[in-house]
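A.B. asks: Questions regarding the structure given below will be posed in turn.
Readers should treat all values here as calculations from the given coordinates under stated rules, not as data from a laboratory. Please read these numbers as outputs of a predicted model, since none were measured by experiment. Neighbour counts run over all protein chains shown; Cβ positions are idealised from the backbone, glycine included.
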Amino acid sequence: MRFKRMRKRNALIIITAPSGAGKTSILEGVRKLLPALHYAVSVTTRAPRPGETDGHDYRFVTAAEFQQLIQEDKLVEYEEVYPGLFYGTQRSELARACDQEPVILDLDVKGATCLNKQLSDTCLTIFVSPPSLATLKRRLVHRGTESEASLEARLERTNDEMRYADTFDEVVVNNDLDKAVAQTAALIQNYLAQ
Ligand code: 5GP
């Protein structure tokens, strides 16, 4: 896959999914195939997970710092993705990336819908769907990052979020990770080559 064939400027790709659908793994694969994509680092009030680093995976901030960013209009969108846990897209990050390379954003379904409304002319939106709710539950349990309560909350949320799948440009069903990565990369490459 040759990224240099891509000609579109200031393009934006939004990838979204219910939690645990495999979006992060797909993104990792896509970023390897298309290394010139700029990954926009979000701000969050949640704690870093083991292996995550500040400024690379997220910019980790306190609730007070997050409120300050909102007040200063530094976030192009933000959501309380889980109770008490805020995530937001930094305006500066988006602007910097758009000036240079196509930017890819990893957002929850509400945030993706919000940005899609603001930027639909220059954005490709991709919804990653788990094969089934049962598969999603297995994946979340296997990942082992959730308490019982947060697992239930995430699954309940998935039921709601799946209803929005058709509002996005493309839906990738993550049955097989390698195939889903290839499909997503091809969608992005086609979009950027237009
Ligand atoms: P996690 O805590 O598992 O890293 O992310 C939880 C959810 O927050 C994921 O669905 C992820 O896509 C979403 N998310 C990450 N950054 C942002 C952001 O800047 N804005 C919004 N709305 N959602 C985000």
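A.B. asks: Quick one: if you stick a label point 7 Å off each Cα along the C-beta vector at Gln68 and Asp176, how many nm between them?
C.D. replies: For Gln68 paired with Asp176, the spin-label model returns 5.0 nm.
A.B. asks: Could you work out how far apart the two model spin labels at Thr53 and Leu85 are, taking each label as a point 7 Å from the Cα in the direction of the beta carbon, and quote it in nm?
C.D. replies: 2.2 nm
A.B. asks: Between Gly20, Gly84, Gly111, find the one with the highest GNM mean-square fluctuation for the chain; connect C-alpha pairs within less than 10 Å.
C.D. replies: Comparing Gly20, Gly84, Gly111 in the GNM, the peak value goes to Gly84.
A.B. asks: How long is the gain from Ser150 to Arg46 if the chain were fully straight, where each residue apart is worth 0.36 nm and the alpha carbon distance is subtracted? Working shown, then result.
C.D. replies: On the way: separation 104, 0.36 × 104 = 37.44 nm, distance 1.32 nm.
This chain segment gains 36.1 nm when fully extended.
A.B. asks: Identify which of Ser25, Ser132, Ser147 has the largest mean-square fluctuation in a Gaussian network model of the chain, with springs joining Cα atoms closer than 10 Å.
C.D. replies: Ser147
A.B. asks: Give the Rg/Rh ratio for the chain, taking Rg as the radius of gyration of the Cα atoms and Rh as the Kirkwood radius, to two decimals.
C.D. replies: Details: Rg = 16.1 Å, Rh = 17.1 Å.
Rg/Rh: 0.94.
A.B. asks: Size of the dipole of the chain about the Cα centre, Lys and Arg at +1 and Asp and Glu at -1 on the beta carbon, nothing else charged, in debye to 20? Walk me through the intermediate numbers first.
C.D. replies: Details: 25 positive and 27 negative charges, 160 e Å.
About 760 debye.
A.B. asks: Taking the Cα centre of the stretch 54-128 as the origin and placing charges on Cβ (Lys, Arg +1; Asp, Glu -1), which of Pro83, Ser120, Gly55 is farthest toward the positive end of the dipole?
C.D. replies: Looking along the dipole axis, the top candidate is Ser120.
A.B. asks: A further question on this structure: So what J values fall out for the stretch 16-24 if you push phi through Karplus, 6.51 cos²θ - 1.76 cosθ + 1.60 with θ = phi - 60°, rounded to Hz, Gly and Pro as x?
C.D. replies: Calculated HN-Hα couplings, in order: 9, 5, x, 4, x, 6, x, 4, 5 Hz.
A.B. asks: What is the distance, in nm, between label points placed 7 Å from the Cα along the Cα-to-Cβ direction at Ala36 and at His142?
C.D. replies: 3.5 nm
A.B. asks: Run the reach check for Lys179 against aspartates and glutamates, Cα to Cα strictly under 13 Å, same-chain hits fewer than 8 apart removed. What comes back?
C.D. replies: The qualifying aspartates and glutamates are none; the list is empty.
A.B. asks: In terms of the Cα gyration tensor, with a ≥ b ≥ c the square roots of its eigenvalues, is the stretch 14-119 rounded because a/c is under 1.5, prolate because a/b exceeds b/c, or oblate? Working shown, then result.
C.D. replies: Details: a/c = 1.42, a/b = 1.21, b/c = 1.17.
In terms of gyration-tensor shape, rounded.
A.B. asks: Rounded, prolate or oblate, given the Cα gyration tensor of the stretch 57-165, with a/c below 1.5 counting as rounded?
C.D. replies: On the way: a/c = 2.15, a/b = 1.40, b/c = 1.54.
The shape class here is oblate.
A.B. asks: Give the long-range amide H neighbours of Leu75: residues separated by 5 or more places, or on another chain, with amide H under 5 Å away, using H modelled in the peptide plane at 1.01 Å from N.
C.D. replies: Arg91
A.B. asks: Right, next: Checking the cross-link filter: which aspartates and glutamates have an alpha carbon closer than 13 Å to that of Lys32, excluding same-chain neighbours under 8 positions apart?
C.D. replies: Output for Lys32: Asp178.
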